[in-house]
Amino acid sequence: MTISIYNSLKQAKEPFAPQEAGKVKMYVCGPTVYDYIHIGNARPVIFFDVVRRYLEYAGYEVNYVSNFTDVDDKLIRKAEQLGTDVPHVAEKFIEAFYEDIESLGVRKATLNPRVMDHIPEIIDFIAGLVDKGYAYPSEGDVYFRTAKFEEYGKLSHQKIDELQFGIRIEIGERKEHQGDFVLWKGAKPGEIKWDSPWGPGRPGWHIECSAMARKYLGDTLDIHGGGHDLQFPHHECEVAQSESLTGKPLSNYWMHNGYIHINNEKMSKSLGNGITVQEIVKRVKPEAIRYFMLSTHYRSPLNFSDESIAQATNSVERIAICYANLQHRLAAEGMAGPVDDALAGKLAQLADQFAAKMGDDFNTPDAITAVFELVSEANLYINRPEANVAGLKALIALMERFDSVLGLLQRQEDADSLAEEVEALILERTEARKSKNWTRADEIRDRLNEMNIVLEDTPQGIRWRRK
């Protein structure tokens, strides 16, 4: 399957060609684990989950690494607020992160390395930069000389003089140049710290990803991803320090997803309009959240509103109803025969369409269009006299193949658990009606309503679906 990727470094789409045939080395910047993740954090988590899934769908073996920043100024402040220490804060919110991504149907990365587990590698990396003259110690800190790396600014496509005031570090007299960024921070009284050749301290923000990506994926990645807000300074600084040390490209392809707005306003703590994943999954189906995230191209801004979520909920409901109808129709007997040529041709066309759209810079909105064309074809087929088991199974198989990438159907373990309970209630209600126990039948009907279950009479008997 042909894949092209919009490379932020080149500002153009390029054919994807990994360094090793059939294998992809992919690194995506993970969260700073000082709080629960919000829907802005969820966008790259969901999108790069889909990238990973599609690469596997296309036949690649993907080594997907995404870090946890578990030591940082924010964690230090949170530990002070909670009256605990940084490791306990990190552990609390790493556990919460895993719970949140599971609720969104996101698979765990191949590996989630933590900064505190890689201090020796980080120190060695910094020492290598010092030895090569790209970094210098200053009063317990260590800084990177941005002026020495002549290509600084190439990822964000800006000149160094325009960048220097945007660096997310303190500007002080310890640095040779205002644009230099910190690699190692000397410890302040009471802060978490590790010994180093430059005195006790802890890593700066940017160095951690360079060190951990190199350890687990080598000097050059196939894909490096993250939110657009990370392109500068974080990824720009990663490029500078990694390429200065190794003399090789840090990544051959750079991918950045767009921002999320809340009701057309930028999401920020100062506006108080942030929504955590824990909050949103209590009132919105996880499948609808995924649909919302994927219904707009990943490089475009995305606006979160009640209206957009309602539209997403209706859309995943339509897909779910179609899938349930296929499963229910499959239970009927007397439908032997092969897949007819017309259906086989249509399914092959839709499979090619899906692959073409996903292969075009992971165009999920257009890939979803292929899903709905499949839904329409399935809805027509179910009512055809010539419908048979082979045709139904072929439709189900293709829907499940598409869903292995997008994750818009209810997860099987949840569906199985719900189905077992609902089927038992339906059977009990049927028996109650046969024995004219109308009170019990009404109680079960009310219980099913509370569960958002709709019952429908079909030629094949009673079937049910979620509202």
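If you model region 66-114 as an ellipsoid using its alpha carbon gyration tensor, with each semi-axis the square root of five times an eigenvalue, the axes come out at 23, 12, 7 Å, biggest first.
Based on every Cα atom in region 230-291, Rg and the maximum pairwise Cα distance Dmax equal 17.5, 50 Å.
So how much slack lies between Lys393 and Arg283, counting 0.36 nm per residue of separation and subtracting their Cα-Cα distance, in nm?
Roughly 36.3 nm would be gained on extension.
For region 179-281, averaging the sequence separation of C-alpha pairs within contact (under 8 Å, six or more residues apart) and dividing by the residue count gives a relative contact order of 21 percent.
Check the straight Cα-Cα distances from Lys357 and name the lysines below 16 Å, setting aside those fewer than 8 residues away within the same chain. Result set, ordered by chain and number: Lys13. For Lys248, the aspartates and glutamates whose Cα comes closer than 17 Å to its Cα, not counting residues fewer than 8 places off in the same chain, are Glu20, Glu150, Glu151, Asp219, Asp222, Glu236, Glu238.
Equivalent-ellipsoid semi-axes for region 240-342 (Cα gyration tensor, √(5λ), whole Å, largest first): 40, 26, 12.
As a test of understanding, state the convex hull volume per residue of region 14-65 from its alpha carbons, in Å³.
Here the figure is 91 Å³ per residue.
Rounded to a whole number, what is D in µm²/s for region 292-414 from Stokes-Einstein with the Kirkwood radius over alpha-carbon pairs (4 °C, 1.567 mPa s)? Estimated diffusion coefficient is 84 µm²/s. To the nearest ten degrees, helix 306-330 and the longest principal axis of the Cα atoms of the chain are 50 degrees apart. Which FRET efficiency, nearest 0.05, do Ser305 and Arg440 yield, Cβ-Cβ r, R0 60 Å? With a Förster radius of 60 Å, E is 0.90. P(r) tail for region 129-258, what percent of Cα pairs lie past 17 Å? Taking all Cα-Cα pairs of region 129-258, the fraction more than 17 Å apart is 58 percent. With all projection directions averaged, the alpha carbon convex hull of region 1-102 covers 7.9 nm². Shown for region 1-93: the carbon plus sulfur share of the solvent-accessible area, taken with all protein chains present and a 1.4 angstrom probe, equals 47%.
Over the chain, what is the relative contact order in percent, taking alpha-carbon pairs closer than 8 angstrom and at least six residues apart? About 16 percent, as a whole number.
When a 1.4 Å probe is rolled over the protein heavy atoms, the share of accessible surface on region 197-303 that falls to carbon and sulfur comes to 49 percent.
Can you give the accessible area per residue of region 70-143, in Å², using a 1.4 Å probe? Before the final figure, lay out the partial values.
Values: 3360 Å² over 74 residues.
Solvent-accessible surface per residue comes out at 45 Å².
The lysines within cross-link reach of Lys193, meaning a Cα-to-Cα straight distance under 26 Å and a gap of 8 or more places when in the same chain, are Lys74, Lys78, Lys92, Lys132, Lys175, Lys185, Lys215. Between Gln81 and Lys248, the modelled labels are 4.1 nm apart [label points 7 Å from Cα along Cα→Cβ]. Answer rounded, prolate or oblate for region 41-166, using the Cα gyration tensor with square roots of eigenvalues a ≥ b ≥ c: rounded when a/c is under 1.5, else prolate when a/b is larger than b/c, else oblate. It is oblate, given that a/c is not under 1.5 and a/b is not larger than b/c. Excluding ligands, DNA and RNA, the accessible surface per residue across region 253-328 is 46 Å² with a 1.4 Å probe. Compute for the chain: radius of gyration divided by Kirkwood radius, i.e. Rg/Rh, restricted to C-alpha atoms, rounded to two decimals. Result: Rg/Rh = 1.05.
For region 183-226, count all C-alpha to C-alpha pairs, find those more than 11 Å apart, and express that count as a whole percent of the total.
In whole percent, the share of Cα-Cα pairs in region 183-226 beyond 11 Å is 69.
A simple rule links phi to the HN-Hα coupling: the Karplus curve 6.51 cos²θ - 1.76 cosθ + 1.60 with θ = phi - 60°, which for region 179-193 gives x, 5, 10, 7, 9, 9, 9, x, 6, 8, x, x, 7, 4, 7 Hz, with x for Gly and Pro. Excluding Asn257 itself, what net charge comes from residues whose Cβ is under 9 Å from its Cβ, given Lys and Arg +1 and Asp and Glu -1? With Lys, Arg at +1 and Asp, Glu at -1, the neighbours total +2.
Between Glu99 and Glu400, the modelled labels are 3.2 nm apart [label points 7 Å from Cα along Cα→Cβ].
The values are calculated or read from the model by the stated rules, or taken from the named source; none is laboratory data. Values in this document were obtained by computation on a predicted structure and should not be read as measured data. Cβ atoms come from the backbone with ideal geometry, glycine included; neighbour counts cover every protein chain shown. Heavy atoms of the whole protein, side chains included, go into the accessibility calculation; ligands, DNA and RNA do not. Shrake-Rupley method; radii C 1.70, N 1.55, O 1.52, S 1.80 Å.
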